[in-house]
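FYI, it's all coordinate maths here, none of it is from the lab. Bear in mind that the values here come from a model prediction, so they are computed numbers and not experimental data. Glycine also receives a Cβ, built like all others from the backbone with ideal geometry; neighbour counts cover every protein chain displayed.
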Amino acid sequence: MTVLGEPAERTAEPPARRGRSTAWLLTAGLIAALLVLVPVAAGLGAYPIPTGDVLGSVLHRMGVGGSALDRVAESVLWNVRFPRIVLALLVGASLGCAGALMQGVFGNPLAEPGVIGVSSGAAVGAVAAIAFGLDFLGDWTVSAFAFAAGLGTVLLVYGMSRSGGRTEVVTLILTGIAVNAFAGALIGLFLFFADTAAVNQITFWQLGSLSQATWPKVLAVLPCAVLGLALAPGHARRLDLLALGERPARHLGVDVERLRLVLVLVIALLTAAAVSVAGIIAFVGLVVPHLLRMLAGPGHRFLIPASALLGALVLLGADLTARTVAAPAELPLGVLTALLGSPFFFWLLRRTRRRQGGWA
């Protein structure tokens, strides 16, 4: 029995409010997982350090308590583990955020940063520097060449895709595919003329790894990663409008061409910086945004920062696995992410095809 004027049952929680609650819970969960995984990753390895000692050393360095470790443990922790952890967080966040932007710009959950040629372009730059023995920038030479070539390749792809002052998504993708093929041919040519030592170094770089992480490499990628991660969330609303279609977005005041150019440059900045220091690491930019989209919906206000957080978490976990699962040997990080990401990509293809009733 109900009282007059009162509803017979409580109104269900609005979907939008449920979506916001899920987004906040996921964000809090990702931050908590990172706070737990960082000290664990710092302590595990060929020279184990208890997690309590890791936290004590950090507090001691901050001047708020704790105690210093012995000389060897301090060196391992601060000169080997922490640079690698910070680099994993920066690279993972950059790739995850770039993937979310890429899928938003192309309106396709199967898009990833390598589509526009940034990864293959960066690989050409790095392989050329190694094959020709260039070292005029010291330890920064390979990274600098990779970054410059990756950024230049994206600008080339974008310029070749323009026609009549506009750039169509299909043309951009097809141009990227052609440039990727050409870049692969150049890499093969460099490998053919390189000596054995250079071939081994090129192969190791192409497989992706954080084993050469140092504080200078962290500082090399930090400005680009921070700039890209800071710029990306400001375009969330326009990406949501672009998801309605190009024509509706234009009617709602979005300069689609300008938005696409700016975001392609941000994607190139993030991806080139990551690839230049870590080599080619596949599937992070593809898998991470799509997982979050399935869990909390397509809103980019949540998706962009959450993709950075989950990307950092995934790459830190993958790097920890790569250096501990086959100890004392170390698995190439790019190989590990591809082994885990390929089955997901196959499932995603079948799921998308089934939901759309085929591609035709």
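Assuming R0 = 35 Å, what is the FRET efficiency of L174 and W140, from their Cβ-Cβ distance, to the nearest 0.05? Could the numbers behind the result be given before it?
Values: r = 34 Å, r/R0 = 0.98.
Step by step, r from the Cβ atoms, then E = 0.55.
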Item to check | Net charge, G104 excluded, C-beta distance under 14 Å - Lys, Arg +1, Asp, Glu -1 | outcome: +2
Item to check | Extended-chain gain in nm, criterion 0.36 nm per residue less alpha-carbon gap, M160 and A326 | outcome: 55.3 nm
Checklist outcome for this item: Here the Cα Rg-to-2.2 N^0.38 Å ratio for the chain is 1.09
Checklist outcome for this item: The extension gain from T203 to M294, computed as 0.36 nm times the residue separation minus the Cα-Cα distance, is 29.2 nm
Checklist entry - When only C-alpha pairs under 8 Å and at least 6 residues apart count, what is the relative contact order of the chain, in percent? => result 27 percent
Checklist entry - So for the pair L35, L110, with labels modelled 7 Å out along Cα→Cβ, what separation do we get in nm? => result 4.0 nm
Checklist entry - With a sphere of radius 13 Å drawn around the Cβ of D240, what net charge do the other residues whose Cβ falls strictly inside it have (Lys, Arg +1; Asp, Glu -1)? => result +4
Next on the checklist: Taking 25 Å as R0, compute the FRET efficiency from the Cβ-Cβ separation of R247 and S21 and round it to 0.05.
Outcome noted: 0.15
Checklist entry - Mind checking the dipole of the range 71-348: about its Cα centre, +1 per Lys or Arg Cβ, -1 per Asp or Glu Cβ, Debye to the nearest 20? => result 640 debye
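Ranked highest first by the average count of other Cβ atoms within 10 Å around their residues, in what order do 143-153, 78-88, 302-312 fall?
On the way: 143-153: 23.7, 78-88: 20.5, 302-312: 26.6.
Peptide ranking by packing, descending: 302-312, 143-153, 78-88.
What 222 nm value per residue comes from the helices of the chain, counting each DSSP H run with n ≥ 4 as -39,500 (n - 2.57) and dividing by all residues, nearest 500 deg cm²/dmol?
Values: 15 runs with 258 residues, N = 360.
Value at 222 nm, helices only, nearest 500: -24000 deg cm²/dmol.
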Checklist entry - For the pair L59 and W347, how long in nm is the line joining their label points, each one 7 Å along Cα→Cβ? => result 4.1 nm
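Determine, from the Cβ-Cβ distance of R301 and A185 and an R0 of 41 Å, the FRET efficiency 1/(1 + (r/R0)^6), rounded to the nearest 0.05. Don't jump to the answer; show the numbers that get you there.
On the way: r = 41 Å, r/R0 = 1.00.
Given R0 = 41 Å and the Cβ-Cβ separation, E is 0.50.
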Item to check | Chain lengthening between A230 and L339 when straightened (0.36 nm per residue, less Cα-Cα) | outcome: 36.2 nm
